[in-house]
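S.K.: Quick one: this structure, given as structure tokens, is what I'll be asking you about.
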Ligand code: 5GP
Ligand code: ZN
């Protein structure tokens with residue numbers, strides 16, 4: 001048996017409350033429920049994080065993300081919805097099987113992500129962008 005908790009959920013070896021399933025993805029309720037209606041969309045195949053996704057898998061995940069987001073909006077009428085996805089411990093990832101959070105949001109709901117902007121000069125943006133462009137494949 002896999003020691004990955006989300007592989008076990010996908011394999012129906014441990015229970016989860018499923019909202020949607022297709023060939024590539026499984027959407028199920030996050031056990032922690034930051035707000036009511038908090039759903040995780042996981043890739044069925046094991047990938048530790050975003051860096052392990054093939055293009056078709058990335059497309060499949062985002063198709064499910066958008067579809068389930070519309071259903072959460074219609075079911076819970078939140079004031080907003082955050083899409084959150086962590087890669088690596090430093091980014092806050094705790095389950096190392098790729099997944100995306102869909103979190104209904106409300107004013108002053110206590111979910112805070114600090115956003116320490118640096119507002120660098122335009123030349124810095126050009127420098128950063130050039131580094132990234134060089135690595136695109
Ligand atoms: P991460 O921090 O990796 O982005 O999020 C992992 C999420 O998985 C957490 O929000 C946590 O509540 C959820 N989680 C962890 N274990 C289980 C589980 O066994 N079942 C379900 N449904 N969610 C889980
Ligand atoms: Zn896994």
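Just so you know, all these numbers are worked out from the coordinates, no wet-lab data involved. All values reported here derive from a predicted model rather than from experimental measurement. Methodologically, a virtual Cβ is constructed for each residue, glycine included, from the backbone with ideal geometry; neighbour enumeration extends over all protein chains shown.
S.K.: Using the number of other C-beta atoms within 10 angstrom as an exposure proxy, rank 135, 44 with the fewest first. Please report the intermediate quantities before stating the final value.
M.R.: Details: 135 6, 44 19.
Taking fewest neighbouring Cβ atoms as first place, the list is 135, 44.
S.K.: Could I ask something else about it? At 0.36 nm per residue, minus the direct Cα-Cα distance, what do residue 89 and residue 63 gain on full extension? Give it in nm, one decimal, please. Don't jump to the answer; show the numbers that get you there.
M.R.: Details: separation 26, 0.36 × 26 = 9.36 nm, distance 2.61 nm.
Using 0.36 nm per residue and subtracting the Cα-Cα distance, I get 6.8 nm.
S.K.: A further question follows. For the chain, set up a Gaussian network in which alpha carbons nearer than 10 Å are linked by springs, and say which option among 66, 121, 16 fluctuates the most.
M.R.: Between 66, 121, 16, it is 121 that shows the largest mean-square fluctuation.
S.K.: Okay, moving on. Can you tell which of 105, 63, 122 shows the greatest fluctuation in a Gaussian network model of the chain with Cα springs below 10 Å?
M.R.: With Cα springs under 10 Å in the chain, the top fluctuation among 105, 63, 122 is at 122.
S.K.: Could you work out the relative contact order of the chain, using alpha carbon pairs under 8 angstrom and six or more residues apart, expressed as a whole percent? Working shown, then result.
M.R.: Details: 168 pairs, mean separation 32.3, N = 137.
Relative contact order, the chain: 24 percent.
S.K.: Using the count of nearby Cβ atoms within 10 Å as a rough guide to exposure, how do 26, 43, 50, 125 rank from fewest to most? Show your work: numbers first, answer last.
M.R.: Numbers: 26 21, 43 24, 50 17, 125 10.
The order, fewest Cβ neighbours first, is 125, 50, 26, 43.
S.K.: Helix 122-135 against the longest principal axis of the chain: what's the angle in degrees, Cα atoms only, rounded to the nearest 10?
M.R.: 60
S.K.: Using the alpha-carbon atoms, what tilt in degrees (0 to 90, nearest 10) does helix 55-76 show relative to the longest principal axis of the chain?
M.R.: 70
S.K.: For a test of the definition: using alpha carbon positions, the gyration tensor, and the 1.5 limit on a/c, classify region 39-104 as rounded, prolate or oblate. Working shown, then result.
M.R.: Numbers: a/c = 2.76, a/b = 1.51, b/c = 1.83.
Cα axes put region 39-104 in the oblate bin.
S.K.: Ok, one more. Using a Gaussian network model of the chain with C-alpha springs under 10 Å, which one of 31, 103, 72 is most mobile by mean-square fluctuation?
M.R.: So, out of 31, 103, 72, the one fluctuating most is 31.
S.K.: When the helix-only estimate is applied to the chain (DSSP H runs of n ≥ 4, each -39,500 (n - 2.57), divided by the residue count), what is the mean residue ellipticity at 222 nm, nearest 500 deg cm²/dmol?
M.R.: Helix contribution divided over all residues of the chain: -10000 deg cm²/dmol.
S.K.: Next question, about the same structure. Within a 10 angstrom radius of the beta carbon, how do 101, 38 rank from fewest other beta carbons to most?
M.R.: Listing 101, 38 from fewest to most nearby Cβ atoms yields 101, 38.
S.K.: Something else: Taking only the alpha carbons of the chain, what extent do you get along each of the three principal axes, in Å, biggest first?
M.R.: Between the extreme Cα coordinates on each principal axis of the chain lie 51, 37, 25 Å.
S.K.: To continue, here is another question. Regarding region 83-132, what is the average projected area of its C-alpha convex hull, in nm²? List each step's numbers first, then the result.
M.R.: Values: hull surface 22.1 nm².
So the mean shadow area of the Cα hull is 5.5 nm².
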